[in-house]
1. Put +1 on the Cβ of each Lys and Arg and -1 on the Cβ of each Asp and Glu in the chain; which of VAL141, LEU82, VAL97 then has its Cα farthest toward the positive end of the dipole?
2. So if I place +1 on the C-beta of Lys and Arg and -1 on the C-beta of Asp and Glu, and nothing else carries charge, what would the dipole magnitude of segment 15-87 be about its Cα centre? I want it in debye, nearest 20.
3. Out of all DSSP beta bridges in the chain, what portion is antiparallel? Express it as a percent rounded to 5.
4. What is the distance, in nm, between label points placed 7 Å from the Cα along the Cα-to-Cβ direction at ALA175 and at GLU152?
5. Could you state the number of Å between the C-alpha centres of segment 120-190 and segment 229-248?
6. State to the nearest 20 debye the size of the charge dipole of the chain about its Cα centre, where the only charges are +1 on K and R beta carbons and -1 on D and E beta carbons.
7. Going by average Cβ density within 10 Å per residue, which order do the peptides 239-245, 198-204 take, highest to lowest?
8. Hull surface divided by four, with the convex hull built on the Cα atoms of segment 167-214: how many nm²?
Amino acid sequence: MKRIFFVVFVTISTLISCKSNRYHIQSIEGKQININKKIASDTQFLEYIAPYRTHIEEELNTILTYNPTDLVKDIPQLNTPLSNLMADAAYEQAQPVFLGRTGKNIDFAMFNWGGIRSDLPKGNVTTRSVFNLMPFENRLVIIEMTGEKIMELAHYLIQMKKSHPLSKQIELHFAQDTIISLKINGKDVKKDQHYFVCTSDYLANGGDKMDFFKNPISLLDIDYLFRNALIDYFTKIDTIQVQSDNRFKQL
């Protein structure tokens, strides 16, 4: 017992006798360093990352398919070859995945014009081209929604008058901001019927003011990046073939 008391006493005495140093910031100094060509490269660092850079460059320069004509994003049309291409490609890649998991079919695909970040120039389409086109990590999701919500979607498209990517399964014709015809797979949309729409996780959360996607009947994230879907689609075709059609038209 005495031995234990002695050890505790010595320990406490030692802790009390130790003086803790407290440090205080006296001042902070800094200066702005402009990153430009005048700053010498770090040779050692460049040598370290060289193998990784080479590998990434090889991947980005991989040729996926050929594009016979310039596909431009910003043109004054309600549906454009570039928008149509992106929606149709996403639909084609997502459909078999959704069918395999649920036994059901996707009715159509819709995305946002603002999500297209570049044109697609004439020539070889590489992985880098797709990263420029779709740099975001957006995933494809399938939303179950009523025909009434599809009507809201249609009114949104009419109001915005942008070439939002729509797949060929949907056809919307309007005049003076009034819906003239709204069909999915050739059939009139019914308000009480359920439809499955492929879009991105960003839009599913109401991005770009697409509130009609919020609070769906069901939502399935198929764990498939939109960008990867485009890469997979381009990989399996030799030449891109797209055209404008009547899927979204003002009469």
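What follows is calculated from the coordinates using simple rules that are stated; it is not laboratory data. No experiment lies behind these values; they were computed from the predicted model shown. With ideal geometry, Cβ positions are generated from the backbone for all residues, glycine too; neighbour counts draw on all protein chains shown.
1. VAL141
2. 660
3. Bridges in the chain that DSSP calls antiparallel: roughly 80 percent.
4. Taking the simple label geometry, ALA175 and GLU152 are separated by 2.9 nm.
5. Rounded to whole Å, the Cα centres lie 15 Å apart.
6. 1080
7. Values: 239-245: 13.7, 198-204: 23.1.
The peptides rank, most packed first, as 198-204, 239-245.
8. Values: hull surface 16.7 nm².
It is 4.2 nm².
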